[in-house]
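Written below as structure tokens is the structure these notes are about.
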Amino acid sequence: MEQLHTLQPVIILLFVGILAIAIMRPLRMSPIVGYLLAGMLIGTHGFGWIEESKTTHLLAELGVVFLLFDIGLHFSLGHIWNARKDILGLGPVQVLLCALAIAMIIMATGLPLDFSIIIGATLALSSTAVVAQVLADNQQNNCPVAVSTIAVLIFQDICAIFLLILASSMADTNVSVGTIIGMAALKAIVSFVAAILIGRFVVGPFFSWVAKSKDDEIFTAMALLIVLATAASTGLFGLSLTLGAFLAGMIISETPYRHMVQTEVKPFRGLLLGFFFITVGMALDTEVILQQWWKIALAALALLTVKISFIYFAARILRIPSRNALQMSVLLAQGSEFAFVILAMPAIQSGMGKEYSSILIIAIAVSMALTPVLVGIERKFARRWADKDWNASKNETASEKKTDADVIIVGMGEVGKSVANALDAHEIIYRGVEVDHDCFVGACASGYTVGFGDATDLRLMDTIKMSHAKTVVVTFSDFEIASQLAPIVLERHSDLTLMVSVCNDQDKEMFNALGMFAVVEQSFPKGLDMAAAVLLEHNINNTKINKWMKRQQNKELEGYLPSQVNALETVK
């Protein structure tokens with residue numbers, strides 16, 4: 001009977017977790033909202049099907065541990081360096097402005113300064129899980145807006161680690177806030193340095209030795225061992241288990257086996273994280289929610305309004321185009337899953353009260369639920385905005401199309417976007433031209449630099465003539481048009497490299513005979529071969545190109561099951 005009593009909560013958590021996902025997916029809402037609602041229904045404040053116990057606490061703790069581990073897997077020095085402008089620019093400015101604004105509002109409600117600062121900084125963070133899902137649903141994983149947004153989320157994740165250490169230190173009321181912040185920063189820095197060194201000189205070589213066995217199950221077991229052992233080690237040294245999990249992810253991220261480990265561990269993370277959110281919902285008092293619903297609605301509205309306003313302002317300060325700034329502000333407006341962790345800490349709850357904590361937690365859940373709706377509204381607005389740009393571009397004369405672009409991309413479909421992503425990543429200025437209305441609007445709405453241009457119109461050459469373009473990339477292969485226009489273009493601009501994307505070696509020979517540089521597309525995702533060729537043409541070395549291509553492939557493969565990944569890699 002004792003074993004049954006221990007197993008019962010796990011069965012109930014699994015059952016309601018499955019229902020939450022099944023109900024939320026068709027509604028295009030985050031499963032996190034479903035988990036919280038499910039927890040409210042089955043907890044002591046609902047139907048009382050399950051009570052808090054050592055089992056539920058352990059499962060919840062492991063959920064947060066694996067969340068931090070997954071974030072650590074995406075955290076590497078190389079990634080930070082490549083996205084340094086957004087991570088070290090927009091990220092800090094956004095967090096600082098939002099944290100100060102929210103902290104001032106919270107102080108006005110009567111909470112002390114130290115709690116206001118911690119809660120303000122916590123609410124300044126955004127939900128990695130929600131944003132990643134919205135970007136995937138809209139097929140925007142690699143567009144400029146997504147790249148900058150993900151960079152900001154990486155900085156926020158770093159801040160979240162620091163806040164977890166800081167919040168756990170608040171239990172000691174005899175220590176000043178300055179000392180707590182200083183010690184938290186010192187612990188974090190020492191831990192990060194130790195993780196980088198261990199990853200480079202211990203775990204990396206060990207994984208290389210394990211790889212010789214060619215057994216995928218060993219990687220899963222090794223990943224679980226590292227995350228749990230590192231979490232336990234930081235616990236022994238007086239730090240949080242979650243910091244240890246993050247460091248474990250960092251350690252593996254510095255090895256070539258990050259993607260394989262992430263694929264193997266992903267099911268554990270999703271399952272255990274669902275358990276965590278359900279247990280958070282179990283702690284919420286439904287009576288407080290019913291009585292204070294207007295405060296919850298006001299808090300959610302205030303959170304969304306403040307964050308949209310200040311994130312937009314931060315982006316515009318750093319000269320990010322207004323269309324991109326608006327999209328990013330809406331994407332990042334919701335609260336973070338880390339807020340559930342921090343607001344559920346005993347030290348924080350005792351300082352702000354359970355009622356206040358419940359109001360904020362539900363308000364954050366509401367902001368998460370509203371994010372897909374707000375993004376949908378914003379995308380409609382962005383497409384209308386782009387539609388006006390398309391009409392304006394069609395009516396421009398050639399003299400009005402002057403550009404400083406080094407590369408002109410003709411056609412902003414899948415290949416064109418891949419080339420643009422590569423050029424953006426290596427700080428090479430480009431301009432896309434597109435004649436198809438839907439492609440033009442879609443590219444503009446995703447943050448690409450694009451104007452109207454018809455490849456069959458020789459007036460397009462006036463755009464090239466008045467630019468600094470060294471390369472024109474044609475992303476579609478129409479031999480009839482190319483045979484008519486390529487000789488004229490190359491005669492007028494003998495120093496211009498005219499590149500074209502083709503499907504096979506036969507087409508390559510035909511286009512090469514016209515004096516064009518034809519590139520056969522063979523890699524996954526489509527457009528990588530052309531992107532690599534353009535980068536090579538602009539003196540980017542092979543090492544950098546290969547690293548960029550690998551990152552793009554990993555992004556695409558993250559949404560696939562292991563068997564699908566193997567199939568795609570076989571095709572490659």
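The values are calculated or read from the model by the stated rules, or taken from the named source; none is laboratory data. None of these values were measured; they are calculated from a predicted model. Here the Cβ positions follow ideal geometry from the backbone for every residue, glycine too, while neighbour counts run over all protein chains shown.
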All but one of (1) at pLDDT below 85; (2) in a loop (DSSP other than H, G, I, E, B); (3) crowded, with 21+ Cβ neighbours inside 10 Å; (4) not aromatic (Phe, Trp, Tyr) hold for SER126; which doesn't? (1)
Filter segment 483-515 for residues that are buried (at least 16 other Cβ atoms within 10 Å of the Cβ) and closer than 22 Å to LEU528 by Cβ and give the result. THR497, LEU498, MET499, VAL500, SER501, VAL502, ASP507, LYS508, PHE511
Need a quick list: strands (runs of 3 or more DSSP E) entirely within segment 364-481 having at least 3 residues that are modelled with pLDDT of 85 or more and either under 19 Å from VAL534 (Cα atoms) or under 28 Å from the mean Cα position of the chain (by Cα) (or both). 407-410, 430-434, 471-474
Assuming GLU337 fulfils every condition listed in (1) crowded, with 23+ Cβ neighbours inside 10 Å; (2) within 16 Å of ILE106 (Cα to Cα); (3) in contact with a Phe, Trp or Tyr (Cβ under 8 Å, 6 or more places away or on another chain) apart from one, which condition is it? (2)
Can you confirm whether VAL288 is hydrophobic (A, V, I, L, M, F, W, C), assigned by TED's automatic domain parsing to the domain that holds LEU113, touching a residue at least 60 places away in the same chain (Cβ under 8 Å) and under 26 Å from LEU100 (Cα atoms)? no
Going through segment 408-451 in order, the residues found to be within 17 Å of ASP387 (Cα to Cα), out of contact with any Asp or Glu (no Cβ under 7 Å at 6 or more places or on another chain) and among the aliphatic types (A, V, I, L, M) are VAL433, ALA445
What pairs come up if the first residue lies in segment 299-314 and is free of Cβ contacts under 8 Å to residues at least 60 places away in the same chain and on the phi < 0 side of the Ramachandran plot, the second is surrounded by 20 or more Cβ atoms within 10 Å (Cβ to Cβ) and not in a helix (DSSP H, G or I), and their beta carbons are under 6 Å apart, counting only those six or more places apart or on different chains? ILE308/ALA333
Which of the numbered conditions does PHE524 fail, given that it passes all the others? Conditions: (1) of a type in the set (A, V, I, L, M, F, W, C); (2) assigned to a loop (DSSP other than H, G, I, E, B); (3) over 22 Å from HIS259 (Cα atoms); (4) at pLDDT below 85. (3)
